[in-house]
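First the structure, in the form of structure tokens, and then the observations on it.
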Amino acid sequence: MAELLRVAALVSGGGSNLQAIIDAAAGSTIDAQVVCVGTDNPRAGGLKRAAGYGIPTFVVNYAAIINSYDPQTTPAALPADFHEEQILVRQRLLTRDLLPAQKRRFLYTRAIAEAMLLQHLSAFNPDLLVLAGFMRKLTPYFIDHFNTSPKLPRIMNIHPALLPAFPGVDGYGDTFRYGCKVGGCTVHFVDYGEDTGPIIGQRSFAIHPGDTLDDIKRRGLHQEWQLYPDCIQLYAHKRLSLGPANQVTASGATRPRTIVHIAAESE
Ligand code: GRF
């Protein structure tokens, strides 16, 4: 049997996607094993799920790091390879209107937390990191450390909407309130923006008159539980690659974009 893909997962909440991935791995539906589960939230339900399968877990307490931020003392705790200017140029998370002090607070606290994540993760030697309801934005500090090859990113995320519609924290809520007749979910590689990375897979579902937001979330999660393992399996089988593409905007401008190509299944 070919070697199993070593998958690390980060969660913040209940972890039903994590469960779907663990189940798929246990049932050999995917050629992968979950080697560790990390969280920013010490109370994340996903931790219990992982522990129940003997999967090692770790916590990086983002809230504690952010709450203890002190502009005088925090800089001394920054990782030695954190270079503020380089991160500021690359990052696409902070809006222009933020004050420099606000930007520093965000980038410093995240770099400290992300250095801890990297340290924990490196102990498990993962091939792929899946964000499964991880509610923290990753900065270029983390992304560039983890993505060791420019050819194929190593971080995937699942988003509860059909991107590029409704990025952000409430994809199903935004879909519902907009009055969409179709909802969906997306798995994509993580880049420097919020939910902007190259799309690997999507699934959709119908929204019927009278549906509530809870109906949409339930229907969406069922799709997520199939989509995420499917995308991990594509990665495990080395069927994903990146390529350049041109996105033509409504104003006629051409924007270069990177897209995912999926190779045909080999015999
Ligand atoms: C999912 O809807 C996922 O798309 C989003 O966060 C939710 C996580 O749910 N990113 P769970 O913790 O996997 O149950």
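Any read-out appearing in this document is the output of simple, stated calculations on the displayed coordinates, not a laboratory observation. As the structure is a prediction and not an experimental result, all values here were calculated from the model. FYI the Cβ positions are ideal-geometry reconstructions off the backbone, even for glycines, and counts take in every protein chain you see.
Please give, to one decimal in nm, the separation of the simple spin-label points placed at S28 and H237, each 7 Å out from Cα toward the Cβ.
1.6 nm
So which residue, out of L99, L88, L129, gets the largest mean-square fluctuation from a GNM of the chain using Cα contacts under 10 Å as springs?
L99
In terms of Cα to Cα distance under 27 Å, which lysines are near enough to K217, apart from those fewer than 8 places away along the same chain?
Answer for K217, where 27 Å is the Cα cut-off: K48, K137, K181, listed by chain and number.
As a check on your grasp of the helix formula, calculate [θ] at 222 nm for the chain: sum -39500 (n - 2.57) over DSSP H runs of n ≥ 4, divide by the residue count, round to the nearest 500. Kindly include the intermediate steps, with their values, before the conclusion.
Details: 8 runs with 94 residues, N = 267.
Mean residue ellipticity at 222 nm (helix-derived): -11000 deg cm²/dmol.
When the Cα centres of the range 205-228 and the range 1-39 are compared, how far apart do they sit, in Å?
22 Å
If a/c stays under 1.5 just call it rounded; otherwise compare a/b with b/c (prolate if a/b is bigger, oblate if not). Do that for the range 219-267, with a ≥ b ≥ c from the square roots of the Cα gyration tensor eigenvalues. Mind dumping the intermediate values first?
Working: a/c = 3.90, a/b = 1.54, b/c = 2.54.
The shape class here is oblate.
Please compute the length gained on full extension between R96 and D127, using 0.36 nm multiplied by the number of residues separating them and subtracting their Cα-Cα distance. Let's see the in-between values first.
Details: separation 31, 0.36 × 31 = 11.16 nm, distance 3.47 nm.
Length difference between fully extended and current span is 7.7 nm.
Name the shape class, rounded, prolate or oblate, that the alpha-carbon gyration tensor gives for the chain, where a ≥ b ≥ c are the square roots of its eigenvalues, rounded holds for a/c under 1.5, and otherwise prolate holds if a/b is larger than b/c and oblate otherwise.
Numbers: a/c = 1.35, a/b = 1.17, b/c = 1.16.
Here the chain falls in the rounded category.
For the range 159-267, what class follows from the C-alpha gyration tensor (a ≥ b ≥ c being the square roots of its eigenvalues): rounded when a/c is under 1.5, otherwise prolate if a/b is larger than b/c, else oblate?
Numbers: a/c = 2.33, a/b = 1.29, b/c = 1.81.
Cα axes put the range 159-267 in the oblate bin.
GNM, the chain, Cα, under 10 Å: largest mean-square fluctuation among P75, P244, P160?
Of the options given, P244 has the highest mean-square fluctuation.
Could I have the simple spin-label model distance between I66 and T148, label points 7 Å from Cα toward Cβ, reported in nm to one decimal?
Calculated label separation equals 3.1 nm.
Any idea how far apart E3 and I262 come out in nm if each label point goes 7 Å out from Cα toward Cβ?
My value for the distance between the label points is 2.6 nm.
May I ask you to compute the full-extension gain from Y178 to E85, defined as 0.36 nm times their residue separation minus their alpha-carbon distance, rounded to one decimal in nm? Don't skip to the end; give the middle numbers.
On the way: separation 93, 0.36 × 93 = 33.48 nm, distance 3.86 nm.
In short, 29.6 nm is gained.
Applying the Karplus parametrisation 6.51 cos²θ - 1.76 cosθ + 1.60 with θ = phi - 60° to the phi angles of the range 114-123, what ³J(HN,Hα) value in whole Hz is obtained for each residue in order, glycine and proline being reported as x?
The phi angles translate into 5, 4, 5, 4, 4, 5, 4, 5, 4, 5 Hz.
Determine the dipole magnitude for the chain: charges of +1 sit on the beta-carbon of Lys and Arg, -1 on that of Asp and Glu, nothing else is charged, the reference point is the Cα centre, and the result goes in debye to the nearest 20. Could the numbers behind the result be given before it?
Numbers: 25 positive and 24 negative charges, 73 e Å.
That gives a dipole near 360 debye.
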